[in-house]
1. Does residue 122 fit the bill of being part of a strand (DSSP E or B) and outside the structural domain of residue 263 (by TED's automatic domain parsing)?
2. I'd like to check something: does the stretch 27-36 contain any residue that is within 14 Å of the chain's Cα centre (by Cα) and either closer than 23 Å to residue 216 by Cβ or modelled with pLDDT under 95 (or both)?
3. Touching a strand residue (DSSP E or B) at 6+ places or on another chain (Cβ under 8 Å), in a strand (DSSP E or B) and surrounded by fewer than 24 Cβ atoms within 10 Å (Cβ to Cβ): does that describe residue 246?
4. State whether the residues of the stretch 22-43 include one that is outside the structural domain of residue 205 (by TED's automatic domain parsing), at positive phi, in contact with a strand residue (DSSP E or B) (Cβ under 6 Å, 6 or more places away or on another chain) and in a loop (DSSP other than H, G, I, E, B).
5. Looking at the stretch 126-139 only, could you name the residues that are touching a helix residue (DSSP H, G or I) at 6+ places or on another chain (Cβ under 7 Å) and either crowded, with 22+ Cβ neighbours inside 10 Å or in a loop (DSSP other than H, G, I, E, B) (or both)?
6. If we scan the stretch 105-115, do we find a residue that is part of a loop (DSSP other than H, G, I, E, B), touching a residue at least 24 places away in the same chain (Cβ under 8 Å) and not assigned by TED's automatic domain parsing to the domain that holds residue 232?
7. Looking at residue 224, is it in contact with a strand residue (DSSP E or B) (Cβ under 7 Å, 6 or more places away or on another chain), part of a helix (DSSP H, G or I) and within 17 Å of residue 118 (Cα to Cα)?
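The values are calculated or read from the model by the stated rules, or taken from the named source; none is laboratory data. Owing to the predicted nature of the structure, the values given are computational and were not obtained by experimental measurement. Virtual Cβ from ideal backbone geometry, glycine too; neighbours counted across all protein chains shown.
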């Protein structure tokens, strides 16, 4: 039986989307790993599964990493799903229900924005394996600011862009992702503030690896930079795939805005 899907991306952070698909195989770990593989499957960073709800303009989604593990937050994936659903149902806004909470999304001037909710700073909420100051976590030779944006993040600021661009993320990333301090593993962001005040960021995503962009990571990086007085509460985050606009609002929630694009649609099986 063929299973229809859509392929979308936000700044090169790419996703396979299943729309209200009832086939139970789409939740199977081996199936998710297979279709996420860029040589033997369709290829993606994450798989997004849309499920209808009884509430108009509310949609339930499940999110899986390329390794088949479920994740609670994916900013760019949520923006792609929101754009797909708003186009399908002629909506200007909607709510995505996730295991980490409800995400409000809207579209304006061709930019899709998602409200990622409030960051969490308690070590038990991130989580970290033992009681410590999340803003001062020693990860091997790096000092990290740890927080949750619905999923665990460790943000590491480097001195300059030369140091950031020369970093061997393929070596450092997987070691820090699975550091003993992270019982659920973690997304690892390396960043620096540029001369114009914007923030350059590179990311190693939990359960995925290096990606062109990470929405929740961009949010975590802006929040960490703001708390550390490195940035105002609204800034541009420059990633390998392009720019995201992040705003830490007065109510404590964080919004993420940027472009998305549908690549193609097909069927697998």
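1. For residue 122, the condition - part of a strand (DSSP E or B) and outside the structural domain of residue 263 (by TED's automatic domain parsing) - is not met.
2. The answer is no; no qualifying residue exists.
3. When the stated conditions are applied, residue 246 does not pass them.
4. No, the conditions are met nowhere in the stretch 22-43.
5. The answer is 126, 128.
6. yes
7. yes
Conditions tested, residue by residue: (1) out of contact with any strand residue (DSSP E or B) (no Cβ under 8 Å at 6 or more places or on another chain); (2) in contact (Cβ under 8 Å) with a residue 40 or more places away in the chain; (3) outside the structural domain of residue 208 (by TED's automatic domain parsing).
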residue: 53; (1), (2), (3): no, yes, yes
residue: 61; (1), (2), (3): no, no, yes
residue: 70; (1), (2), (3): no, no, yes
residue: 98; (1), (2), (3): no, yes, yes
residue: 138; (1), (2), (3): no, no, no
